[in-house]
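The values are calculated or read from the model by the stated rules, or taken from the named source; none is laboratory data. Because the structure is predicted, anything quoted here is derived from the model rather than measured. With ideal geometry, Cβ positions are generated from the backbone for all residues, glycine too; neighbour counts draw on all protein chains shown.
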Amino acid sequence: MSLIKSISGIRGTIGGKVNDNLTPLDVVKFASAFGTWLQNNKNKKDLTLVIGRDARISGQMVSSLVASTLQGLGINVVDLGLSTTPTVEIMVPELKADGGIILTASHNPKQWNALKLLNDKGEFISGENGAEVLALAENEDFNYAEVDDLGKYETRDDAFDIHIKQILDLPTVDVEAIKAKKFKVVLDAVNSTGGISIPPLLEKLGVEVVKLYCEPNGQFPHNPEPLKEHLGDICELVIKEKADMGIVVDPDVDRLALVDEKGEMFGEEYTLVAVADYLLKNKNGVAISNLSSSRALRDVAKGLDSEYFASAVGEVNVVTLMKEKNAVIGGEGNGGIIYPELHYGRDSLVGVALFLTHLAKENKTVSELRATYPSYFMGKKKIELTPDIDVDALLIKVQEEYKNEEISTVDGVKIDFPENWVHLRKSNTEPIIRIYTEAFSQEEADKLGDDMIAKIRSLI
């Protein structure tokens with residue numbers, strides 16, 4: 001069973017049986033539920049939704065199903081076609097639309113697709129709203145429009161231009177400083193929409209672009225999650241081309257990973273750290289990431305007389321805390337940059353522009369810049385438990401065991417030791433505790449995880 005329904009949307013593998021995988025009937029049902037929910041919650045007759053998709057093979061089919069379903073409800077559709085997650089997010093308020101649907105399974109392999117749901121601010125709908133949409137989908141209580149009341153359909157091909165212009169107009173993006181450096185970069189866009197959105201931005205910044213896997217045909221040449229083990233090709237090409245750096249994005253362009261001039265990974269966690277370093281040097285304020293992101297962001301923020309706060313895991317939670325604290329910058333350690341001066345969504349395009357500005361102004365190579373930040377190493381482990389064990393009660397025991405340390409229970413249990421940390425989160429679907437650790441060496445991070453597994457077993 002590969003159909004996952006959550007408060008942020010629905011995703012699954014294409015084909016197979018209804019309710020088991022993401023079939024056409026499941027797409028129609030979920031699009032109907034979101035459209036109906038909007039109609040129930042908006043005090044207006046004519047509703048408009050913006051849709052856009054990444055380049056995965058099933059995208060055109062899923063997009064057509066979604067657009068036709070919304071029209072069938074009497075909702076107008078503005079279709080951006082091949083797009084990025086941040087571009088759709090920007091275009092919803094730009095077009096004064098009532099919401100949006102992004103058709104992407106983000107970093108999942110090509111057999112997956114998903115519907116991600118946006119409110120009229122171009123932000124992911126809340127957990128409460130998502131639960132209401134799921135309930136409507138379950139009940140299938142839909143009322144479709146009669147023939148004279150069908151929704152209108154139009155396409156737009158200027159969304160990338162609008163998105164890029166908004167980035168170039170930001171006071172914190174120094175176009176002339178970047179142009180003066182005459183940077184050369186290699187871009188790996190995993191044959192999705194980063195290949196048609198990021199090159200136009202780089203060209204306007206005076207950057208020479210060497211394209212790798214930039215054909216938006218959905219045939220991912222490697223695992224599309226931008227992790228070190230998947231990125232050997234770009235690391236080699238950066239060296240061969242004598243490029244200043246490499247840029248890697250996932251299929252929907254909301255995660256940004258960087259490669260230095262030596263062909264070494266900058267570190268996905270450090271994309272946000274570097275951008276925050278630049279922004280907080282210019283304006284003291286607040287930086288936000290989630291509890292499982294690197295401590296390096298906290299260190300950099302405090303070193304610049306700024307504050308740091310951690311949210312529960314999940315983009316919606318990061319954004320909520322960013323608004324509450326009026327943060328200058330935020331995001332997630334997976335390379336997700338959220339810059340509220342532009343919009344409240346993870347955005348690789350603005351991340352690229354801000355990083356290049358920082359690099360130009362620091363007058364360092366990418367490897368030299370990376371060396372200015374504290375080096376941490378992360379570990380990920382899990383412990384599988386028998387179904388009869390009360391995981392919540394077990395986490396309370398862990399919390400009691402370490403009560404003299406700095407502890408957060410915002411999302412599971414995070415224990416901040418002076419030199420490292422451990423974050424325990426329970427799975428919502430199976431009796432598993434996921435264990436995230438960070439320390440000054442990989443060996444130490446892994447040992448910390450093993451020690452925590454031993455401690456948990458002793459408490460059972």
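The table for this structure:
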{"read-out": "Residue pairs meeting the criteria (Cβ under 6 Å; at least 6 apart or on separate chains; first over 16 Å from G314 (Cβ atoms), in segment 119-137; second acidic (D, E) and surrounded by 17 or more Cβ atoms within 10 Å (Cβ to Cβ))", "value": "D120/D98; G122/E89"}
{"read-out": "Test: residue in segment 81-98 that is without any contact (Cβ under 8 Å) to a residue 24 or more places away in the chain and either within 22 Å of N139 (Cβ to Cβ) or outside any loop (DSSP other than H, G, I, E, B) (or both)", "value": "no"}
{"read-out": "Hits in segment 161-172 (condition: surrounded by 21 or more Cβ atoms within 10 Å (Cβ to Cβ) and in contact with a Ser or Thr (Cβ under 9 Å, 6 or more places away or on another chain))", "value": "H163, I164"}
{"read-out": "Conditions (1) out of contact with any helix residue (DSSP H, G or I) (no Cβ under 8 Å at 6 or more places or on another chain); (2) assigned to a loop (DSSP other than H, G, I, E, B); (3) surrounded by 20 or more Cβ atoms within 10 Å (Cβ to Cβ); (4) modelled with pLDDT of 95 or more: number failed by A114", "value": "(2)"}
{"read-out": "Test for V50: is it touching a Lys or Arg at 6+ places or on another chain (Cβ under 7 Å) and either in contact (Cβ under 8 Å) with a residue 24 or more places away in the chain or part of a helix (DSSP H, G or I) (or both)", "value": "no"}
{"read-out": "Strands (runs of 3 or more DSSP E) enclosed by segment 310-404 - at least 1 residues per element that are over 24 Å from G122 (Cβ atoms) and either under 15 Å from the mean Cα position of the chain (by Cα) or among the aromatic types (F, W, Y) (or both)", "value": "377-384"}
{"read-out": "Residue check, A257 in the same structural domain as I198 (by TED's automatic domain parsing), over 30 Å from G81 (Cα atoms) and crowded, with 24+ Cβ neighbours inside 10 Å", "value": "no"}
{"read-out": "The one condition in (1) surrounded by 17 or more Cβ atoms within 10 Å (Cβ to Cβ); (2) closer than 21 Å to T13 by Cβ; (3) under 26 Å from the mean Cα position of the chain (by Cα) that T48 fails to fulfil", "value": "(2)"}
{"read-out": "Members of segment 157-190 that are touching a Leu at 6+ places or on another chain (Cβ under 9 Å) and among the β-branched types (V, I, T)", "value": "I164, I167, T172, V173, V175, I178, V185, V186"}
{"read-out": "Matching residues in segment 335-358 - criterion: being under 20 Å from K325 (Cβ atoms) and hydroxyl-bearing (S, T, Y)", "value": "Y339, Y344"}
{"read-out": "Candidates K397, K414, K426 - the one that is surrounded by 11 or more Cβ atoms within 10 Å (Cβ to Cβ), touching a residue at least 60 places away in the same chain (Cβ under 8 Å), of a type outside the set (A, V, I, L, M, F, W, C) and in contact with a helix residue (DSSP H, G or I) (Cβ under 8 Å, 6 or more places away or on another chain)", "value": "K397"}
{"read-out": "Matching residues in segment 324-371 - criterion: being of a type in the set (V, I, T) and out of contact with any strand residue (DSSP E or B) (no Cβ under 8 Å at 6 or more places or on another chain)", "value": "T357, T365"}
{"read-out": "Hits in segment 19-34 - residues which are surrounded by fewer than 22 Cβ atoms within 10 Å (Cβ to Cβ) and farther than 24 Å from E430 by Cβ", "value": "T23, P24, L25, V28, K29"}
{"read-out": "Some residue of segment 239-249 being of a type in the set (A, V, I, L, M), assigned to a strand (DSSP E or B), farther than 27 Å from W112 by Cα and without any contact (Cβ under 8 Å) to a residue 60 or more places away in the chain", "value": "no"}
{"read-out": "First in segment 251-265 and at positive phi, second anywhere and in a loop (DSSP other than H, G, I, E, B) and surrounded by 24 or more Cβ atoms within 10 Å (Cβ to Cβ), Cβ under 7 Å, 6 or more apart", "value": "V253/T84; V253/T193"}
{"read-out": "Any hit, segment 440-449, residues being under 25 Å from L321 (Cα atoms), crowded, with 21+ Cβ neighbours inside 10 Å and among the hydrophobic types (A, V, I, L, M, F, W, C)", "value": "no"}
{"read-out": "The listed residue being in contact (Cβ under 8 Å) with a residue 40 or more places away in the chain, out of contact with any helix residue (DSSP H, G or I) (no Cβ under 7 Å at 6 or more places or on another chain) and either in the same structural domain as L201 (by TED's automatic domain parsing) or closer than 30 Å to L117 by Cα (or both), out of I389, I432, I337", "value": "I432"}
{"read-out": "Cβ pairs under 9 Å, 6+ apart, first in segment 267-288 and at pLDDT below 95, second part of a helix (DSSP H, G or I) and among the β-branched types (V, I, T)", "value": "G267/V273"}
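Yes or no, residue by residue, for (1) under 24 Å from N282 (Cα atoms); (2) of a type in the set (F, W, Y):
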| residue | (1), (2) |
| --- | --- |
| I337 | yes, no |
| R346 | yes, no |
| F355 | yes, yes |
| K361 | yes, no |
| A371 | yes, no |
| T386 | no, no |
| D392 | no, no |
